[in-house]
Each structure stands twice: as structure tokens, then as C-alpha cells.
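K.L.:
Quick one: the structure is below, questions incoming.
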Amino acid sequence: MRVLGIETSCDETGVALYDTNQGLLADCVYSQISLHIPYGGVVPELASRDHIRKLVPLIRQVLEQTSSQPSELDGLAYTAGPGLAGALLVGASVGRALAYALHIPAIAVHHLEGHLLAPMLSTRAPSFPFVALLVSGGHTALIEVKALGRYRLLGETLDDAAGEAFDKTARLLGLPYPGGKELEQLAAIGQPGVYRFPRPLVRQGGLDFSFSGLKTFALNTWQKSDQSQQTKANIAHAFQEAVIETLAIKCRWALEQTHCQRLVVSGGVSANHALRTGLNPLGEVYFPEFSFCTDNGAMIAYAGAQHLLAGHRADLSIQIFPRWPLTTQV
Ligand code: KG4
Ligand code: ZN
């Protein structure tokens, strides 16, 4: 069974072809980061317009790369939410219309489900059940995953997502947008132990997160400092250490509370090497391949294929869900 996956929820246009027997056949991602750099963040209208420009050429590219004909597709999966409404509408309209024209089923995929199943595309893939830590630019959540579509929210961020905290702290330290990766590089040359940032919400014993205070702490520390390059790196190091240690504490609690052995970490921040090193001691820990940490079409094609195998299908309407809790599947 061959499924084309379309991802357009934010600032990456992703298209991929997944075959349930042969695995991933092609994966093309076009990142709009350079388009949004001058504004220091994603401009929704520009994002939608760029998806319109790039989506159809990317679909053609994936079909050409795999020498496939549209008639060989068995299903079409698209991200239906959560995300930017205009951006989602581009992928949903093209995906739903193409499926209709080809007389094949369409599958409306939840973006976060795509992220949490992304490690399944690796050779070392986790099996159910597991606890998933989703750490992206828009979300930070701990989820108990019993099986495909059986998700229980254990905890989530009360304010900034982990990636958002990375990006905002990077910005106030003068690093280029989006900032997470750049902050990681700066942290690598920071001296450990010079600063100690708080570990938010770790005394209450719950599984919710709060990262917004860390950027304020970083700003205050920076303003009171000698503002040298080394100090900037030391602050980046202390910030990153606080985020990772907080995530590690909560992951350990989540594994204990659910009596689960497997931890799956996904979303853009799971590309962070220090995070991987910090979480690995927790036991059987799985990460996506680096190219599947940030937004991509492969994870949508994979999730769509699993739903198709389970008999799920979207109806004929073009529907998007900009705010869509993972625990309420359509
Ligand atoms: O999953 P994603 O591509 O988009 C959302 O669905 O939000 O995640 C993007 C986020 C951004 O905040 C970006 O700065 C962060 O992931 N990110 C990182 C790293 N690479 C990407 N954060 C920390 N360290 C990294 N290496
Ligand atoms: Zn994402």
C-alpha cells in the first residue's frame, strides 16, 4: 500500500511517499526559514502563500524521484491540524482534492501524532506501549501511547513550549531565527557551573511544564553580566541544562506513573544532542532520525498509512483543525 504524505502546518512544506512493504521511498522538505528570518518569526500569510507555490512542485518531485504515477497511489494523507489555519488549508485542499480525483481514500492526520510516530521510521523502532515526550516549537507534552490512536495526555506546558523557550532565549541572546539549533551550538562552548537556572515546577510532582520563566531568567542574567561572548555561551549552557534536566525529571516520573519501560522523544527539540544524552539514561529511549525531528512529510505519510491499514478514512469535506487536542481524534 502506497501513501503520499503532505505536511503544511507551519513553515515547512513536506511531501513523502511511504510504502507499507518497502518503507519510505521518498521524502522532500522545503523549509521557509529564510523567508521568515527578516521578521524574527513565522508570518502566517507568507507561510500560506509559499506553501501554495511549493506544494505541487514537491508532489511532482516525489513522484519523479520514485518513477511513480499518481494512479499507483493507494491513499493520500495530509496534516489537518493543529497549526496555522491558512497553511493547513493549502495541504488539506490539495490533499483532499487529489484523493478525490484519483478515487483513493484521504486520511486527515494529526500533526503531533505524526511527530510521535516518527521514530517508527527508524531501523530501531519502538513498539507499543510507550510514553512519548513531544518537544517542538508549538507543543511540549507527555503522552501515554497504548496503541495507534490510543493516547492519554499526562502533562503539557502551561505557557511556552520547549522549542519556543529555546527560540525566545536565542533571540534575546542575539542569535538568528529560529534559534534552537544555534543556541545548542553556543551552549556547547559554554562553561558548566557558572550559572544555575531554576528547574520550573519540579517540586510539585506533577507532569506539567512551564518554561516561560527561563527566558526572563536568561534576560536578567544577561543584563547583569559583563555581556562578553563567553558569558553568552555560559548563559546558553545553563539555560539548556535547566530545560533538559526538567524534561528528564518529568519523563522519569511519567515512566514510573505509567509503569512503562519505553520512552519515545520526538519533535524539533529532539534533534538536540545534549537532550539525547540527558534522556538516554532513563532506560529504553527512542528518537527519530535527525531529518524526521523537525516537520516533514514522511511522518505524515507513515501515520496516514497506519490509519489506512486500520480502516480509517476522512470524509469528502475539506476540514482543518487549527486547535486540535491529540486525545480527540476525528
Ligand atoms: O517540530 P518542529 O519542526 O515544529 C513544530 O511543530 O513546532 O519544531 C521546531 C522547533 C523550533 O523551536 C526549533 O528551534 C527547535 O524545534 N529545534 C531545536 C533544535 N533543532 C530544532 N531546539 C533545540 N535544539 C535543537 N538542536
Ligand atoms: Zn511539528
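K.L.:
Can you tell which of CYS10, ILE235, LEU309 lies farthest toward the positive end of the dipole of the chain, using +1 and -1 charges on the Cβ of basic and acidic side chains (Lys, Arg; Asp, Glu)?
P.N.:
Working it through, the farthest residue towards the positive pole turns out to be ILE235.
K.L.:
How large is ³J(HN,Hα), in whole Hz, for each residue of the stretch 70-82 in order, when computed from phi with the Karplus curve 6.51 cos²θ - 1.76 cosθ + 1.60 and θ = phi - 60°, using x for Gly and Pro?
P.N.:
Each residue's phi maps through the Karplus curve to give x, 5, 8, 7, 9, x, 10, 9, 9, 6, 9, x, x Hz.
K.L.:
Please compute the length gained on full extension between GLN22 and ALA310, using 0.36 nm multiplied by the number of residues separating them and subtracting their Cα-Cα distance.
P.N.:
Computed gain between GLN22 and ALA310 is 101.8 nm.
K.L.:
When the accessible area of the chain is split by element with a 1.4 Å probe, what percent falls to carbon and sulfur?
P.N.:
53
K.L.:
Could you compute how fast the chain diffuses translationally, taking Rh as the Kirkwood radius over C-alpha pairs and applying Stokes-Einstein at 10 °C with viscosity 1.306 mPa s? Give it in µm² per second.
P.N.:
My calculation gives 79 µm²/s for D.
K.L.:
Here's something else I'd like to know. Take each complete run of DSSP H in the chain, measure how far its Cα atoms stretch along the helix's own axis, and keep only those covering 24 Å or more with mean Kyte-Doolittle hydropathy at least -1.0; list them.
P.N.:
Span-like helices in the chain: 44-65, 85-102, 229-258.
K.L.:
Nearest 5 percent is fine: what portion of the DSSP beta bridges confined to the chain is antiparallel?
P.N.:
60
K.L.:
Once the dipole of the chain is set up with Lys and Arg at +1 and Asp and Glu at -1 on Cβ about the Cα centre, which of ILE33, VAL43, HIS273 lies farthest towards its positive end?
P.N.:
HIS273
K.L.:
Do you know the relative contact order of the stretch 1-159, to the nearest whole percent, from alpha carbon pairs under 8 angstrom that are 6+ apart?
P.N.:
Rounded, it is 19 percent for the stretch 1-159.
K.L.:
If you don't mind, another one. Would you mind working out the magnitude of the charge dipole of the chain relative to its Cα centre, with +1 at each Lys and Arg C-beta and -1 at each Asp and Glu C-beta, to the nearest 20 Debye?
P.N.:
Dipole magnitude for the chain comes out near 440 debye.
K.L.:
Can you work out the accessible area per residue across the chain, with the rest of the protein chains kept in place, probe 1.4 Å, in square angstrom?
P.N.:
Value for the chain: 43 Å² per residue.
K.L.:
Sorting check: for 94-103, 136-145, which peptide has the highest mean count of neighbouring beta carbons within 10 Å, and how do the rest follow?
P.N.:
So the peptides 94-103, 136-145, ranked by packing, come out 136-145, 94-103.
The values are calculated or read from the model by the stated rules, or taken from the named source; none is laboratory data. Given the structure is predicted, the values throughout are model-derived calculations rather than measurements. All Cβ positions, glycine included, derive from the backbone under ideal geometry; neighbour counts span all protein chains shown. SASA here: full protein model, heavy atoms, side chains in, ligands and nucleic acids out. Shrake-Rupley method; radii C 1.70, N 1.55, O 1.52, S 1.80 Å.
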